[in-house]
Amino acid sequence: MSKTAITRRATFNSAHRLHNNQWSDEKNELVYGKCNNPNFHGHNYVLEVKVIGEIDPETGYVIDAKILKDIIKSQVTDRYDHKNLNLDVSDFKNLIPTAENIAKLIYENLRSSIDQDKDLKIKLYETENNIVEYPA
Ligand code: NI
(Lines give C-alpha, C1' and ligand atoms only; values in the text may rest on other atoms or scores of the structure.)
Protein backbone atom coordinates (compact mmCIF):
# COMPACT_ATOMS: atom_id res chain seq x y z
CA MET A 1 0.00 0.00 0.00
CA SER A 2 1.26 3.49 -0.80
CA LYS A 3 2.15 5.67 2.11
CA THR A 4 0.42 8.93 2.94
CA ALA A 5 1.98 12.15 4.27
CA ILE A 6 0.49 14.66 6.67
CA THR A 7 2.18 18.01 7.26
CA ARG A 8 1.68 20.14 10.35
CA ARG A 9 2.82 23.74 10.14
CA ALA A 10 4.04 25.86 13.06
CA THR A 11 5.72 29.24 13.37
CA PHE A 12 8.14 30.70 15.87
CA ASN A 13 10.08 33.94 16.20
CA SER A 14 13.64 33.69 17.43
CA ALA A 15 16.80 35.75 17.59
CA HIS A 16 20.21 34.37 16.75
CA ARG A 17 23.75 35.19 15.83
CA LEU A 18 25.96 33.11 13.57
CA HIS A 19 29.42 33.11 15.05
CA ASN A 20 32.16 30.51 15.21
CA ASN A 21 34.24 30.98 18.37
CA GLN A 22 37.20 29.24 16.74
CA TRP A 23 37.53 31.97 14.12
CA SER A 24 38.73 35.57 14.14
CA ASP A 25 36.16 38.38 14.05
CA GLU A 26 37.27 39.08 10.47
CA LYS A 27 36.62 35.54 9.33
CA ASN A 28 33.24 35.45 11.08
CA GLU A 29 32.26 38.70 9.37
CA LEU A 30 33.44 37.36 6.03
CA VAL A 31 31.54 34.06 6.29
CA TYR A 32 28.36 35.16 8.06
CA GLY A 33 28.04 38.81 7.03
CA LYS A 34 25.02 40.51 8.59
CA CYS A 35 24.11 37.28 10.42
CA ASN A 36 27.27 37.82 12.51
CA ASN A 37 25.88 41.07 13.96
CA PRO A 38 26.98 40.98 17.63
CA ASN A 39 23.63 42.38 18.78
CA PHE A 40 21.67 39.50 17.24
CA HIS A 41 18.77 39.66 14.78
CA GLY A 42 15.50 37.81 14.43
CA HIS A 43 13.64 35.60 12.00
CA ASN A 44 10.02 34.54 11.68
CA TYR A 45 10.63 30.84 11.19
CA VAL A 46 8.04 28.67 9.49
CA LEU A 47 8.30 24.99 10.29
CA GLU A 48 6.68 22.15 8.37
CA VAL A 49 6.74 18.75 10.02
CA LYS A 50 5.83 15.95 7.63
CA VAL A 51 4.91 12.49 8.91
CA ILE A 52 4.71 9.71 6.35
CA GLY A 53 3.18 6.30 6.93
CA GLU A 54 0.28 3.93 6.44
CA ILE A 55 -3.25 5.08 7.22
CA ASP A 56 -4.50 3.38 10.38
CA PRO A 57 -7.70 1.61 9.23
CA GLU A 58 -9.32 2.18 12.60
CA THR A 59 -8.76 5.95 12.94
CA GLY A 60 -8.26 6.86 9.28
CA TYR A 61 -5.18 8.84 10.37
CA VAL A 62 -1.46 8.52 9.65
CA ILE A 63 -1.01 10.42 12.92
CA ASP A 64 -3.57 12.38 14.89
CA ALA A 65 -2.90 16.03 13.95
CA LYS A 66 -3.76 17.14 17.50
CA ILE A 67 -1.09 14.84 18.92
CA LEU A 68 1.42 16.05 16.33
CA LYS A 69 0.54 19.65 17.18
CA ASP A 70 1.15 19.02 20.89
CA ILE A 71 4.50 17.31 20.23
CA ILE A 72 5.68 20.26 18.10
CA LYS A 73 4.52 22.70 20.75
CA SER A 74 6.33 21.01 23.63
CA GLN A 75 9.50 20.09 21.72
CA VAL A 76 9.92 23.15 19.50
CA THR A 77 7.74 26.22 19.82
CA ASP A 78 7.54 26.33 23.63
CA ARG A 79 11.32 26.07 23.68
CA TYR A 80 12.29 28.37 20.78
CA ASP A 81 9.54 30.94 20.33
CA HIS A 82 10.46 34.46 21.49
CA LYS A 83 13.86 33.20 22.61
CA ASN A 84 17.41 34.07 21.75
CA LEU A 85 18.62 30.73 20.40
CA ASN A 86 22.26 31.40 21.30
CA LEU A 87 21.60 32.58 24.85
CA ASP A 88 18.33 31.00 25.96
CA VAL A 89 18.25 27.54 24.38
CA SER A 90 20.64 24.88 25.66
CA ASP A 91 20.45 23.03 22.31
CA PHE A 92 22.66 25.75 20.81
CA LYS A 93 25.17 26.07 23.61
CA ASN A 94 27.77 24.38 21.40
CA LEU A 95 26.02 24.54 18.04
CA ILE A 96 25.82 27.49 15.62
CA PRO A 97 22.09 28.21 15.09
CA THR A 98 22.04 28.14 11.30
CA ALA A 99 18.80 27.05 9.66
CA GLU A 100 20.55 23.76 8.82
CA ASN A 101 21.41 23.05 12.45
CA ILE A 102 17.99 24.18 13.70
CA ALA A 103 16.20 21.86 11.24
CA LYS A 104 18.42 18.89 12.13
CA LEU A 105 17.93 19.48 15.83
CA ILE A 106 14.16 19.76 15.45
CA TYR A 107 14.23 16.41 13.67
CA GLU A 108 16.25 14.86 16.48
CA ASN A 109 13.99 16.37 19.14
CA LEU A 110 10.81 15.09 17.47
CA ARG A 111 12.00 11.72 16.22
CA SER A 112 11.60 9.80 19.47
CA SER A 113 8.04 11.09 19.98
CA ILE A 114 6.80 9.72 16.66
CA ASP A 115 6.30 6.00 15.99
CA GLN A 116 9.37 4.49 14.37
CA ASP A 117 7.32 2.91 11.56
CA LYS A 118 6.60 6.43 10.29
CA ASP A 119 9.04 8.61 8.36
CA LEU A 120 9.66 12.16 9.52
CA LYS A 121 10.78 15.10 7.40
CA ILE A 122 11.49 18.65 8.51
CA LYS A 123 11.24 21.74 6.34
CA LEU A 124 12.30 25.02 7.89
CA TYR A 125 11.80 28.41 6.25
CA GLU A 126 14.20 30.92 7.75
CA THR A 127 13.01 33.52 5.27
CA GLU A 128 10.72 33.04 2.31
CA ASN A 129 13.83 32.53 0.21
CA ASN A 130 15.96 30.39 2.56
CA ILE A 131 14.55 26.92 3.10
CA VAL A 132 16.25 23.91 4.69
CA GLU A 133 15.09 20.30 4.60
CA TYR A 134 16.20 17.51 6.92
CA PRO A 135 16.75 14.74 6.11
CA ALA A 136 17.46 15.83 2.54
NI1 NI B 1 19.88 35.03 10.63
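7 Å from Cα along Cα→Cβ at both ALA136 and ASP117: what's the point-to-point distance in nm?
3.2 nm
Using a 1.4 angstrom probe on the protein heavy atoms only, could you order LYS121, LYS34 from most to least accessible area?
On the way: LYS121 85, LYS34 180 Å².
Ranking LYS121, LYS34 by accessible area, largest first, yields LYS34, LYS121.
Run the quick spin-label model on ASP70 and ILE55: label points 7 Å from Cα toward the beta carbon, then report their separation in nm to one decimal.
Modelled inter-label distance: 2.4 nm.
Could you please state how large a percent of the accessible area of the range 25-136 is carbon and sulfur, counting protein chains only and using a 1.4 Å probe? Don't skip to the end; give the middle numbers.
Numbers: 3190 of 6750 Å².
Its accessible area is 47 percent carbon and sulfur atoms.
Given R₀ = 41 Å, FRET efficiency for THR4-ASN84 by Cβ-Cβ distance, to 0.05?
Numbers: r = 38 Å, r/R0 = 0.92.
About 0.60, to the nearest 0.05.
So how exposed is VAL31, as accessible area in Å² (1.4 Å probe, rounded to 10)?
80 Å²
Short version: ³J(HN,Hα) in whole Hz for each residue of the range 77-84, in order, from phi by Karplus 6.51 cos²θ - 1.76 cosθ + 1.60 (θ = phi - 60°), x for Gly and Pro, what are they?
Going residue by residue, I get 5, 4, 8, 10, 5, 6, 10, 8 Hz, with x marking Gly and Pro.
Let me know the charge dipole size of the range 4-134 about its Cα centre in debye, to the nearest 20, where only the beta-carbon of Lys, Arg (+1) and Asp, Glu (-1) is charged. Could the numbers behind the result be given before it?
Details: 17 positive and 21 negative charges, 57 e Å.
Rounded to the nearest 20 debye, it is 280 debye.
Kindly provide the helix-only [θ] at 222 nm of the chain, computed as the sum of -39,500 (n - 2.57) over DSSP H runs of four or more divided by all residues, to the nearest 500 deg cm²/dmol?
Details: 4 runs with 33 residues, N = 136.
The helix-only estimate for the chain comes to -6500 deg cm²/dmol at 222 nm.
Per residue, how much accessible area does the chain have with a 1.4 Å probe, in Å²? Show your work: numbers first, answer last.
Numbers: 8330 Å² over 136 residues.
Heavy-atom accessible area per residue stands at 61 Å².
The values are calculated or read from the model by the stated rules, or taken from the named source; none is laboratory data. Since the model is a prediction, treat every value here as computed from it, not as a measurement. Don't worry about glycine lacking a Cβ; one is built from the backbone with ideal geometry, like all the others, and counts go over all protein chains shown. Areas reflect the complete protein model, heavy atoms only, side chains present, ligands, DNA and RNA absent. Shrake-Rupley method; radii C 1.70, N 1.55, O 1.52, S 1.80 Å.
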